[in-house]
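The structure appears below as structure tokens.
The values are calculated or read from the model by the stated rules, or taken from the named source; none is laboratory data. For clarity, every value in this text was computed on a predicted model and none was experimentally measured. We place every Cβ from the backbone using ideal geometry, glycine too, and count neighbours over all the protein chains shown.
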Amino acid sequence: MHDMLPLLDALGFPAIRRGRLEALQVNLTYRCNQRCLHCHVNAGPTRTESMDDATLAVLREVIDAHPVQTLDLTGGAPELHPRFRQLVGHARRAGLRVIDRCNLTILGEPGQEDLAEFLAGEGVEITASLPCYARDNVDRQRGEGVFERSIAGLRRLNALGYGAGDGLVLNLVYNPQGPSLSPPQAALEADYKAHLAADFGIRFDHLLTITNQPIARFGSTLVSKGQFSAYLQLLRDSYRAENLAAVMCRSLVSVDWQGYLYDCDFNQMLGLPLELIGRQRPHLRDLLRTDLAGNPIVTRDHCFACTAGQGSSCGGALRG
């Protein structure tokens, strides 16, 4: 993935700095039961990278000592980490909001039969990938049969109270199928809710539109099709300066499976560590003694994906 860096340093993204740290987004493992075409992590069933117990101990120490408010767990499929449930329980007892970035099909995997009940019992917020409400589009992007298994997962979550608007939050994530920007989030959310309710009786809270990053699998696909430069130019031409104030890297730190820190998950995949004076590769331990407010954010041209059009973050569009 680092070989994409020379392609991402020509357009000159504006310099920005951090605000107050509010969320840790932790990549527990690259292992996943799926292998999606748009995955910027290149996750899959054969990946073995996984956070070890020593690093998890530091993470728990940070959770206990730092005034961070949200623990955002991602992967791969974060639920496949053997300490996932212990970490969730620890964070919830510490009063943190916990988000599980769930691919939905994991809920039906062997050994995960009680996962949905566990998440509901802990009050975990679920952010689930469903790139379309049509079967063919989902299976094309995420694999044959994934749509039906995703619908089964959503029905199971609904049966436990998720998406009813009374505490158990269920958000869905939309990614464009190709080198284009997402439609307006509010209008697309209305379409999703109408179709999923009419066709499957499914309800959810919010739809989050996330622009595809020109890195990893998606970036390589763009290069192979001769679309990379045109997509970067689309992102640059769609830049909106007002989105800079709300980009997720101002309030979030991305943590890799070894405990190293990055300004966002995308920088993590590109091997661009968070900048910290005196530290070549800042680690979780540094959060115990360092205030990152005002710290410069490492940027490259892929950052235009977060500021194009309505804006994009792990929490969806930045503007209505």
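Worth a mention:
- Matching residues, segment 103-133, being in contact with an Asp or Glu (Cβ under 7 Å, 6 or more places away or on another chain), of a type in the set (A, V, I, L, M, F, W, C) and without any contact (Cβ under 8 Å) to a residue 60 or more places away in the chain: Leu115, Leu119, Val124, Ile126
- Here Tyr231 fulfils each of the conditions (1) surrounded by fewer than 19 Cβ atoms within 10 Å (Cβ to Cβ); (2) under 25 Å from Leu207 (Cα atoms); (3) touching a helix residue (DSSP H, G or I) at 6+ places or on another chain (Cβ under 8 Å) apart from (1).
- Yes/no for Gly271 being at pLDDT 95 or above, over 27 Å from Gln185 (Cβ atoms) and either surrounded by fewer than 22 Cβ atoms within 10 Å (Cβ to Cβ) or out of contact with any Asp or Glu (no Cβ under 6 Å at 6 or more places or on another chain) (or both): no
- Only one of the numbered conditions (1) buried (at least 24 other Cβ atoms within 10 Å of the Cβ); (2) within 13 Å of the chain's Cα centre (by Cα); (3) not hydroxyl-bearing (Ser, Thr, Tyr) is not met by Met248, and that is (1).
- Considering the conditions (1) out of contact with any Asp or Glu (no Cβ under 8 Å at 6 or more places or on another chain); (2) closer than 27 Å to Phe118 by Cα; (3) assigned to a loop (DSSP other than H, G, I, E, B), Arg149 is excluded by exactly one of them, (3).
- Selection over segment 186-226 of residues that are in contact with a helix residue (DSSP H, G or I) (Cβ under 9 Å, 6 or more places away or on another chain), at pLDDT 90 or above and of a type in the set (Gly, Ala, Ser) gives a count of 1.
- Among the residues of segment 186-215, those that are out of contact with any Phe, Trp or Tyr (no Cβ under 8 Å at 6 or more places or on another chain) and either in a helix (DSSP H, G or I) or closer than 23 Å to Gln268 by Cα (or both) comprise Ala186, Ala187, Glu189, Ala190, Ala194, Ala197, Ala198, Phe200, Thr211.
- Taking segment 284-320 as the range and being surrounded by fewer than 21 Cβ atoms within 10 Å (Cβ to Cβ) and assigned to a helix (DSSP H, G or I) as the test, the residues that pass are Arg285, Asp286, Leu288, Asp301.
- From the options Thr290, Thr221, residue that is free of Cβ contacts under 8 Å to residues at least 40 places away in the same chain, hydroxyl-bearing (Ser, Thr, Tyr) and out of contact with any strand residue (DSSP E or B) (no Cβ under 6 Å at 6 or more places or on another chain): Thr290
- Residue count, segment 105-119 (criterion: assigned to a loop (DSSP other than H, G, I, E, B) and crowded, with 21+ Cβ neighbours inside 10 Å): 0
- Within segment 67-104, being of a type in the set (Gly, Ala, Ser) and buried (at least 20 other Cβ atoms within 10 Å of the Cβ) holds for Gly75, Gly76, Ala77, Ala91.
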